[in-house]
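*Asks:* Take this structure, written in structure tokens, and hold onto it; I'll ask about it next.
The values are calculated or read from the model by the stated rules, or taken from the named source; none is laboratory data. Please read all numbers here as calculations on a predicted model, not as lab measurements. Virtual Cβ from ideal backbone geometry, glycine too; neighbours counted across all protein chains shown.
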Amino acid sequence: MNTSLTQRFIVCALDGDGNFATKEAKACSVACALYELASDGFVKVARDDDKVRCEAQLPVSQRDLLPLYDYVEQHRVVDADKLLEHMLGKEFSPFMASLCDPLREAGLLVTDKSETTFVPSPDARKEIVGHVVRALDGDEPMKRDDAALLAFIDGAGLADDVFGREERRDIKELLKDRKWDSFKFATTPEGKDTFVSAWNDVEKVYAPIVREYVAKH
């Protein structure tokens, strides 16, 4: 199954009881979806005022993000903080169902008897995390979504939960001094540029929106 960036984040963010492991993780799930829509050119997030507007019609292949896209389309222009407030309120259940039902059908998530609580498959999380680690090690191409996923995982305070000891040490080293050139994925200029671009985009635009929401709640 081809999973979206937001679906991969959710697999990493849910714990064994089907709850988001941190308060930041729940907010990041919506911010990650917004980032994904913006990166793919379906919405635009203005950096100067965090206004969100539609840019292109959402294709069937990305209907897992339809609840968030529909809200933006209906309002034409919406503040990013109001978007998070809405999606994390009464619209959160439809948002999660849209993302998680395909994952359940593919066996990447399982549900309880009520069919409302989603729990990640250990193998699914292992594969998603393993791909990020291989990209960081330079064993696979560093893609924009890999860098964004790591940025959202770190911002949500999930790194200690999803990465092993050695990987956590490498990631802390990577983020401590921001010496991107010395890290393994920067074996090619493209790898470094891809990582830095995605990381900075998340840090400058989406992380502040999440922090503001968490501070209010």
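*Asks:* What single numbered condition from (1) more than 20 Å from Cys12 (Cβ to Cβ); (2) at pLDDT 90 or above; (3) over 16 Å from the mean Cα position of the chain (by Cα); (4) surrounded by 12 or more Cβ atoms within 10 Å (Cβ to Cβ) fails to hold for Lys126?
*Replies:* Checking Lys126 against (1) more than 20 Å from Cys12 (Cβ to Cβ); (2) at pLDDT 90 or above; (3) over 16 Å from the mean Cα position of the chain (by Cα); (4) surrounded by 12 or more Cβ atoms within 10 Å (Cβ to Cβ), the one that fails is (1).
*Asks:* Quickly run through segment 1-35 and pick out the residues that are among the small types (Gly, Ala, Ser) and crowded, with 22+ Cβ neighbours inside 10 Å.
*Replies:* Ala13, Ala25, Ala27, Ser29, Ala31, Ala33
*Asks:* Let me spell it out: the conditions are (1) part of a helix (DSSP H, G or I); (2) more than 16 Å from the chain's Cα centre (by Cα); (3) not β-branched (Val, Ile, Thr), and Leu99 meets all of them except one. Which number is the exception?
*Replies:* Failing condition for Leu99: (2).
*Asks:* Residue by residue through segment 19-51, note down the ones that are in contact with a strand residue (DSSP E or B) (Cβ under 6 Å, 6 or more places away or on another chain), of a type in the set (Lys, Arg) and outside any helix (DSSP H, G or I).
*Replies:* Scanning segment 19-51 gives Lys44, Lys51.
Let's see how each residue does on (1) buried (at least 20 other Cβ atoms within 10 Å of the Cβ); (2) of a type in the set (Ser, Thr, Tyr):
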site: Leu158; (1), (2): yes, no
site: Phe163; (1), (2): yes, no
site: Glu166; (1), (2): no, no
site: Lys172; (1), (2): no, no
site: Arg178; (1), (2): no, no
site: Phe185; (1), (2): yes, no
site: Thr194; (1), (2): yes, yes
site: Val202; (1), (2): yes, no
site: Ile209; (1), (2): yes, no
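*Asks:* Right, another one. Please work out which one of (1) at pLDDT 95 or above; (2) over 22 Å from Ser121 (Cα atoms) is the condition Val30 fails and give its number.
*Replies:* Among (1) at pLDDT 95 or above; (2) over 22 Å from Ser121 (Cα atoms), Val30 violates only (2).
*Asks:* Still on this model: Would you confirm whether or not segment 106-129 contains a residue that is acidic (Asp, Glu) and closer than 30 Å to Arg165 by Cα?
*Replies:* Yes; the residues of segment 106-129 include at least one that is acidic (Asp, Glu) and closer than 30 Å to Arg165 by Cα.
*Asks:* Which number in (1) modelled with pLDDT under 90; (2) in contact with a strand residue (DSSP E or B) (Cβ under 6 Å, 6 or more places away or on another chain) marks the one condition that Gly107 misses?
*Replies:* (2)
*Asks:* From the list Leu83, Leu66, Leu58, Leu37, which one is under 15 Å from the mean Cα position of the chain (by Cα) and among the aliphatic types (A, V, I, L, M)?
*Replies:* None of the other options fit; the residue is Leu37.
*Asks:* Related question: Answer yes if at least one residue in segment 36-56 is among the aromatic types (Phe, Trp, Tyr) and buried (at least 21 other Cβ atoms within 10 Å of the Cβ), and no otherwise.
*Replies:* For segment 36-56, residues among the aromatic types (Phe, Trp, Tyr) and buried (at least 21 other Cβ atoms within 10 Å of the Cβ): absent.
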